[in-house]
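Before any comments, here is the structure.
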Amino acid sequence: MGPVSVLPKHQRLSTWEEDLAKMTHLQAGLSPDTIEKARLELNENPDVLHQDIQQVRDMIITRPDIGFLRTDDAFILRFLRARKFHQADAFRLLAQYFQYRQLNLDMFKNFKADDPGIKRALIDGFPGVLENRDHYGRKILLLFAANWDQSRNSFTDILRAILLSLEVLIEDPELQINGFILIIDWSNFSFKQASKLTPSILKLAIEGLQDSFPARFGGVHFVNQPWYIHALYTLIKPFLKDKTRKRIFLHGNNLNSLHQLIHPEFLPSEFGGTLPPYDMGTWARTLLGPDYSDENDYTHTSYNAMHVKHTCSNLERECSPKPMKRSQSVVEAGTLKHEDKGENENTQPLLALD
């Protein structure tokens, strides 16, 4: 016989009320607008949230070949949100998340911001992360491709830094629902640099981002891309899902088309926005805090991305900015580059990340 409650009947919580309280906690911190967005766009229903999560958890037994290292409610919830609460799809993504890590053990060894390779990539601005979100509440990530010094940063370390950054950001339930935008500036990216983007490493990146991470990408925007970046499409096409062809936009130097999708007030001047030029050290200072240094001495800390607290804004205020490389395509704030209406074929989406 189970324990008998000593509380008066009117003070006891039913199992249903306990579940409701737990689910309310999982949605704690979300704005009413975001909760409504989750309901309309993602089919998120707080009344059955616990059942949805448990049904995904129950599927784990079907994949004994995978080590599911984390299965708590909040963790599984982000996979449901990434797959619009289709439970089978959410479980498939959860399994792929851990399988990708099992198959690429070296990538996730010392998977921390103070790992020397990751730290170098972060300090060089891979990725950049804007402090403010766009008008849809999406976080904007930046990559300035020409800043890739191949003698300093391997592509794998840049990918590790991007995945680590996403791990930190996805802890925010607002971003689980609103998602992300990625802008890649290809200005002055040389053919020699592009030649290092082999099919194998591009496949590794696509598997890590498209197939194995619980994030909603609302758009991937190419700016100032040379002709050989167009050619990369033929390399990565075999690795893309059919439904992922809608969200990568090739803008060329037509920033007007970019601004139709991301308003200038949310963009730095490199992209014709009204914000100051992006400081490449911003996100590195956020992750590394007082241990941030743009010198070549890499000290180790106990930072662990899976236990990050939401202290980004405080760290950014506490750490004084340091001069960093900027994009080589800086334009004056508010200045737009224009193209004739007949020359806008570059703005058509070719491919996308789910």
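Cα atoms only: what Rg and Dmax, in Å, come out for the range 74-204?
Looking at the range 74-204, its Cα Rg and Dmax stand at 15.8, 44 Å.
Accessible surface of residue 148 in the full protein assembly, 1.4 angstrom probe, to the nearest 10 Å²?
Probe radius 1.4 Å; accessible area of residue 148 about 20 Å².
Full extension from residue 51 to residue 149: what is 0.36 nm times the residue separation minus their Cα-Cα distance, to one decimal in nm?
30.4 nm
At 1.4 Å probe size, with every protein chain present, just tell me what the per residue accessible area of the range 48-106 comes to in Å².
Details: 2800 Å² over 59 residues.
Ligands and nucleic acids excluded, the result is 47 Å² per residue.
Pairs 139/203; 196/237; 109/241: which exceed 22 Å Cα-Cα? Kindly include the intermediate steps, with their values, before the conclusion.
Working: 139/203 24 Å; 196/237 18 Å; 109/241 29 Å.
The pairs that break the limit, which is 22 Å between Cα atoms, are 139/203; 109/241.
Using 7 Å Cα-to-Cβ label points, what is the residue 58/residue 111 separation (nm, one decimal)?
Taking the simple label geometry, residue 58 and residue 111 are separated by 2.8 nm.
Please list the non-local residues whose amide H lies under 5 Å from the amide H of residue 275, H modeled 1.01 Å from N, same-chain partners needing a gap of 5 or more.
Sorted by chain and number, the residues that satisfy this are 267, 269.
Using 0.36 nm per residue, how much length does the chain from residue 172 to residue 68 gain when fully extended, once their Cα-Cα distance is taken away?
Full extension from residue 172 to residue 68 adds 35.3 nm.
The values are calculated or read from the model by the stated rules, or taken from the named source; none is laboratory data. What you are looking at is a predicted structure, and each value in this text was computed from that prediction instead of being measured. Heads up, the Cβs are rebuilt from the backbone with ideal geometry, glycines too, and the neighbour counts pull from every protein chain shown. For the accessible areas, the whole protein counts, side chains as well, though only heavy atoms, and no ligand, DNA or RNA atoms are used. Shrake-Rupley method; radii C 1.70, N 1.55, O 1.52, S 1.80 Å.
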